[in-house]
Amino acid sequence: MKKRYSMFTPWRHFKYLFKKPLTIPFKDIFTKKNADYLNKNSIIKSKKRVEESSPREAADNLRGFHTNDWEECIGCGTCMDICPTEAITMAERLDVEDVSGALQQRPIIDYGRCCFCALCVDTCTTGSLKMSKEYIYTHENPDNFLLMPEKLWQGHVVKEGWVKDENSDLLDLERVHMEHEDPEERKSSFVEIVRGYSKEYAKQEAARCVECGVCTASCPVQMHIPAYIKAIWEDDIEGGLRQIYETNPLPGVCGRVCTHNCETSCSIAVRGEAIAIRWLKRYIIDSAPDDIYKKSIMEPISEVIDAKVAIVGSGPAGLGAAYYLRVMGYKVDVYEEKPLTGGVMRYGIPAYRLPDSAIDKDIDFIESIGVKMITNTRVGRDISMDQLEKDYDAVFLGTGFFKPRDLPIPGADHKDVIGAMDFLPKVRDYERGVLKLEDIDVAKSIVVIGGGDVAFDVARSATRLQMLKYGKTNVKLTSLEDQDVLPCSEDELIEGAEEGIEFFCGNGPQEILLKKGKVTGLRLWKCLCIFDEEGRFNPEFDKECEQVIEGQQVYIAIGQSPDYEYLPKSLSEKLTFERGKIKASNLGQVEGLPWLYVGGDILRGPDLISGVADGHRSAQGIDDYLFNKAKKKEISKTLKEMRLAAKEQTPGLTYRQLGKK
């Protein structure tokens, strides 16, 4: 039965008006440390200072003032984004070290607004922001309630208050599972290993992103990562596509084989698994219908300059430069010596990592906006650099590192000692049906020297060919580096081990063993160190710790080198080479040759996404060069027309006098 109340019930509370309020003296509230601090800073204005006070204990989960460990904080700003009272702002701090995966900013909290809800603590990506048991602070100046939390509260160590747990943590730290082909099944074919996200899984993974933007700062092309991930969550594929193409014209490729520095820097990865940024990019490209590409990407060009640019090499750097130059309105021709465009993407990376369909989709779009691809044409043989300089207003070189690097040890000149970039193009030709299985000489027992991604591409491709040819595999991989510090990506190491590759890491090759003219194995010594005290490559070995691994073929994958045979002597003499790379400005312009630009491997070294970034920067440099050149020509033409008009009106003046006039 519902209880009834009298209309006079509220009046009973008036009795408390005449009761004396309960007041707890400061000395019974403050700890000695807090009292010392308040006395020192004259915050308590009273005739008698607080000299002694008894310690106090608050509830374990008290939500007092914040503390923030600056060494753990990465300045992601998730605390600011989630604050319901907008009490948190991020302030730039140049005294914080500028490192990859962190921003130079720290939170400021307005305690006039803060409601002590602790949502900022519950969503902190690193766990650096916490709440203390300190809850007393007074000051006559309102501006002094804007505080930047540090590890210490007001200069002294305090006890923790509210601490988030599994129930209150607002971040989803586990990555949505990606389906992969079974290791035993994938060893028998070159089918793509990663299957890709479904729409449902992509949205679930996108929901984990806190949109902090730390990843963008770590991306060589500064992709709008939070924006296109948000587009996935909103089911806006066209919007996501537009965000991607503003900074990266090879998203289908990068969505599969990018080195993903962004994931390494992901703020979620501090305590959990990084957002699958690469796979989410791939989801957008794979899901986008062909008919929305041109509508989404092409923008009207504000001012078209009548100029032509030649691109030498159709790898990531060359295609990046070609795309952005064409978008800016230039006529662009790309010269490629091989039958298919794509460079090392097409001929060096196996199809189980990067199928032709993904490469075709990216390059077909670049062609659709007007870039002309000229294949089976080697510069230096079919057309000279002198001719390119004559026919074009600017030239960009992006020829990459395609020549295998030799290993100077006994037996390395044997025909069964094969360079990575001699082997991998044949594998790709087999995958696309140009070569038959019997056209590729693959032994029953193989040793691969190297620890990078290319070495794993060789080893895993050889594994598949062995399985198809012999029904079993026998591939060993050795490297100077120990297995826990291999330079390859983590995916390569895990998947290679799943496919049965044996590892002999931490050893240096000394001799390729021969018997009756045939390769029988490789002699190894234990590697003690790779670099000397000055950081130079100078490995040392323990010859007493020797082992021999058997193999009928040895594949060398210790790096690639550039091929500059296409450069005439008259041009190469004007270039400066540093450790095999061409010296140029940040925009890729070669000093003394304003029409010539370089990028990619031959400028910074091998890395796909950095090559795309080089292409973008060089496109900006070429645009500046050609724009200024066109403006000078236009001004010169206008001045000449003015002089001729003036001469007709004043026939007695000479051309030089007209110029002065």
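Derivation of every value follows stated rules applied to the coordinates shown; laboratory data play no part. Only a predicted model underlies this, so the values are computations on that prediction, with no experimental measurement involved. As a convention, Cβ positions derive from the backbone with ideal geometry for all residues, glycine included, and neighbour counts pool all protein chains shown.
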Phi-derived 3J(HN,Hα) across region 230-241 with the Karplus relation (6.51, -1.76, 1.60, θ = phi - 60°), rounded Hz, x for Gly and Pro, is 4, 4, 5, 4, 8, 6, 10, 5, 5, x, x, 4
FRET efficiency for D484 and N144 from the Cβ-Cβ distance with R0 = 56 Å, rounded to 0.05, comes out at 0.65
Just name one of Y335, V221, G559: the one whose Cα is farthest towards the positive end of the charge dipole of the chain (beta-carbon charges, Lys/Arg +1, Asp/Glu -1).
V221
Set Lys and Arg Cβ to +1 and Asp and Glu Cβ to -1, take the dipole of the chain about its Cα centre, and tell me which of M90, F541, S100 lies farthest positive.
M90
Mean residue ellipticity (222 nm) of the chain, computed from DSSP H runs ≥ 4 via -39,500 (n - 2.57), nearest 500:
-9500 deg cm²/dmol
If you put +1 on each Lys and Arg Cβ and -1 on each Asp and Glu Cβ, how big is the dipole of region 48-201 around its Cα centre, in Debye rounded to 20?
540
Quick one: the Cα spread of the chain along its three principal axes, in angstroms, biggest first?
105, 94, 62
Using Cα-Cα distances under 8 Å and only pairs 6 or more residues apart, what relative contact order does the chain have, in percent?
11
How big is the antiparallel share of DSSP beta bridges in the chain, given as a percent to the nearest 5?
55
Using 1/(1 + (r/R0)^6) with R0 = 51 angstrom and r between the beta carbons of S384 and F531, what's the FRET efficiency to the nearest 0.05?
0.80
Out of region 462-518, which trypsin sites (Lys or Arg not before Pro) are coil in DSSP terms and have no more than 15 other C-beta atoms within 10 Å?
K472, K516
Lysine pair number, Cα distance threshold 19 Å (strictly under), region 468-604, separation 8 or more or different chains
6
Relative contact order in percent for region 406-558 (Cα pairs under 8 Å, 6+ apart) equals 30
According to a simple spin-label model (label point 7 Å from Cα along Cα-to-Cβ), what is the distance in nm between T259 and R195?
3.1
Give the angle, between 0 and 90 degrees and rounded to the nearest 10, that separates the Cα long axis of helix 277-287 from the longest principal axis of the Cα atoms of the chain.
60
Summed side-chain charge close to K543 - residues other than K543 whose Cβ falls under 12 Å, Lys, Arg +1, Asp, Glu -1:
-3
About the Cα centre, and with charges only on the beta carbon of Lys, Arg (+1) and Asp, Glu (-1), how big is the dipole of the chain? Nearest 20 debye, please.
2580
Can you give the log10 of the normalised intensity I(q)/I(0) at q = 0.13, 0.16, 0.18 Å⁻¹, computed with Debye over equal Cα scatterers of region 183-297?
-0.48, -0.72, -0.89
Here the FRET efficiency for S100 versus L173, based on Cβ atoms and R0 = 25 Å and rounded to 0.05, is 0.75
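Order of L608, L147, L319 from fewest to most other C-beta atoms within 10 Å?
Ascending number of Cβ neighbours within 10 Å: L147, L608, L319.
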For V448, other-chain or 5+-apart residues with amide H closer than 5 Å (H placed, Pro excluded) are K476, L477, T478, Y555
Under a Cβ-Cβ cut-off of 12 Å, what is the net charge of the residues other than G580 that fall near it, where Lys and Arg count +1 and Asp and Glu count -1?
+3
Nothing charged except the Cβ atoms of Lys and Arg (+1) and of Asp and Glu (-1): what's the magnitude of the dipole of region 186-226 about its Cα centre? Round to the nearest 20 debye.
240
Mean projection of the alpha-carbon convex hull of region 166-226 over all orientations, in nm²?
6.7
Would you mind estimating how fast region 406-558 diffuses translationally, via Stokes-Einstein at 25 °C and 0.890 mPa s with the Kirkwood radius over Cα pairs, in µm²/s?
155
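Averaging sequence separations of C-alpha pairs under 8 Å and six or more residues apart, then dividing by the length of region 333-405, give the relative contact order as a whole percent. Each step should come with its number before you reach the end.
Numbers: 49 pairs, mean separation 31.2, N = 73.
About 43 percent, as a whole number.
Count the net charge of all other residues whose Cβ sits under 9 Å from the Cβ of V590, scoring Lys and Arg as +1 and Asp and Glu as -1. Don't skip to the answer; put the middle values down first.
Values: positive: K574, K583; negative: E591.
After counting each charged neighbour, the total is +1.
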Considering the zone a paramagnetic label at E578 would reach in this model (a point 7 Å from Cα along the Cα-to-Cβ line), which residues of region 594-623 have amide N under 12 Å from it?
603-605
Distant-in-sequence amide H partners of I311 (H built 1.01 Å from N, under 5 Å):
D333, V334, Y335, F396
